[in-house]
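Notes for the one structure printed next.
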Amino acid sequence: MDSVKNKVLFILLDAFRHDYINSVDTPFLYTKTHKGIYAQKLKSVAGFTQRTAIYTGTIGAESGMFTMYTFDAENSPFRFLRDDPRFKKFSLEKHWWDEVLSSRLMERVRNVLDHRLEQKKRTYLNCIKKEVRNYTYHAPLAHIPLELLPEIGVSEDMRPIYLPGAFKEESIFDVFVRHNIEYEYLMYPVVDGDDSTTLEAFINKKDSDAKIILAQFSDSDVKIHHCGPSSPTRHEVTGEIDRKLREIAKHYDDDLSTWIVIGDHGMTDVIEELDVPALLAPLEKRMKVQMGRDYVFFLDSTMARFKWITKAGRAYLSEVTQLPILREKGRFIDEQIAHEHSIPINDRRYGDLIWWAHSGILLFPDYFHDRYTHNKGMHGYDSNHDDMKGFFLAFGSGITHRRLAQISLIDVCPTLCDLLEISYPQQNMGVSIFEK
Ligand SMILES: [Zn+2]
């Protein structure tokens, strides 16, 4: 590698699967795979915090950031709710009108009262959204049940991740600051989801003094969740991203910039939805336990994480592990699986019991989507599965053509450091592509 005196452009294509690149859909990227250093596959990390892996060079289990939300009553940004009388009112599952004897008139009254309560609750949730900003940088409510919020902590976004000191471990941003490297950060959550805005911002930065620009295009995630990777729409989505990259290339000369473009993970077609709370209901009734009182669960899209509160709740969780349907459609994380996938167990912030869906099985409902959204594509499954793999591509100034079969997501961090000729974050576990 020649020393790079110019700009490094790091562009993350969210959930852009390795096999989306071809001469028809993505001619710009395809051409570059024959000119740059191209790893056809990139293996992601388990969990949902890929940005942590990229910016610290560590896997989630090590960095204490395995899932976005944790069970963490002590540090919950929502703990202010506990002293709020409105919280108790809106958390109530039953209301006086539920108890009144049924009649047709009462039915109508009940609907009106339910509807009115629903509206008030929505207003209240908006208040919470504003209030929580006093306690953390970024904690979307998603669709977490209201009564669970004070138990929930956020792992990744207690502080803006692009500022020094945001991670427990040293991050690439800490290193940037130490080496006086100016950088521009155009990624989530600074630029949130709108790829046209990102493109515009990117082009506007071409004369900035930044040595590295970090940006993200999200349509490959957002839109393909919606349509599924096997749908014809997927080809249009990836084609549009390819056009945006070509547009950037018009403004950033290949001789004056080094590009790193990655798909941070893949996506697979949803085969089946699984209603976990409904599956658990009969067992819950039989064992006379109650969610919220004896145990709690958190529903990620591909994982159900349980934490017991009472002894009865603990006994219940051990029965849950025996449910045939859950054993058929997924697996419970044991020591061996945890080791193999670097999944943290024995850390109660992630729960006492983790069930992980097999590829293509989607938890519905979950705490990330409303009850009307049926996704056709999902990620967060076993990262050894080919559908879960992204890609890595480096081209431009200082790069000569070479192919690699596969790299890991954590290898991106030391690679960026090498390009900028700076030291790696202290806990980095990745290997730079220039060492491969
Ligand atoms: Zn996604």
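A few notes on this one:
- Applying the Karplus relation 6.51 cos²θ - 1.76 cosθ + 1.60 with θ = phi - 60° to segment 246-252 yields 3J(HN,Hα) values of 4, 4, 4, 4, 5, 9, 10 Hz, where x marks Gly and Pro.
- Nonlocal amide H pairs with Gly390, under 5 Å, H built at 1.01 Å: His18, Leu42, Ser44, His265, Gly266
- Segment 215-236 residues near the modelled His374 label - backbone nitrogen below 15 Å, point 7 Å along Cα→Cβ: 226-228
- Summarising the label geometry, the points placed 7 Å from Cα in the beta-carbon direction at Cys127 and Ile325 lie 3.8 nm from one another.
- Added length on full extension, which subtracts the Cα-Cα distance from 0.36 nm per residue, Val109 to Glu200: 27.5 nm
- Solvent-accessible area of the chain (1.4 angstrom probe, protein heavy atoms only): carbon and sulfur portion equals 50 percent.
- Stretching Asp192 away from Leu279 to a fully extended chain increases their span by 27.8 nm, per 0.36 nm per residue minus the current alpha-carbon distance.
- Residue-span extension gain [Val222 to Asp347] - 0.36 nm each, minus C-alpha spacing: 41.9 nm
- Each helix, a run of at least 4 DSSP H residues, gives -39500 (n - 2.57); summed and divided by the residues of the chain, these come to -10000 deg cm²/dmol at 222 nm.
- The chain, accessible area per residue, ligands and nucleic acids excluded (1.4 Å, Å²): 46
- Amide H contacts of Ser408 (H built 1.01 Å from N, under 5 Å, at least 5 apart or other chain): Lys43
- Taking the Cα centre of segment 193-239 as reference, the dipole from Cβ charges on Lys and Arg (+1) and Asp and Glu (-1) amounts to some 140 debye.
- Highest mobility in the GNM of the chain, judged by mean-square fluctuation with C-alpha springs under 10 Å and restricted to Asp19, Asp366, Asp207, is found for Asp207.
- Judged by the ratio a/c of the largest to the smallest principal axis of the C-alpha gyration tensor, segment 162-228 counts as oblate, that ratio being 1.5 or greater while a/b is no larger than b/c.
- Nonlocal amide H pairs with Ile309, under 5 Å, H built at 1.01 Å: Tyr295, Val296, Arg314
- Dipole moment magnitude, nearest 20 debye, the chain about Cα centre, only Lys, Arg, Asp, Glu C-beta charged: 1160
The values are calculated or read from the model by the stated rules, or taken from the named source; none is laboratory data. No experiment lies behind these values; they were computed from the predicted model shown. With ideal geometry, Cβ positions are generated from the backbone for all residues, glycine too; neighbour counts draw on all protein chains shown. Note: accessible area is taken over every heavy atom of the protein model, side chains too, but ligands, DNA and RNA are not part of it. Shrake-Rupley method; radii C 1.70, N 1.55, O 1.52, S 1.80 Å.
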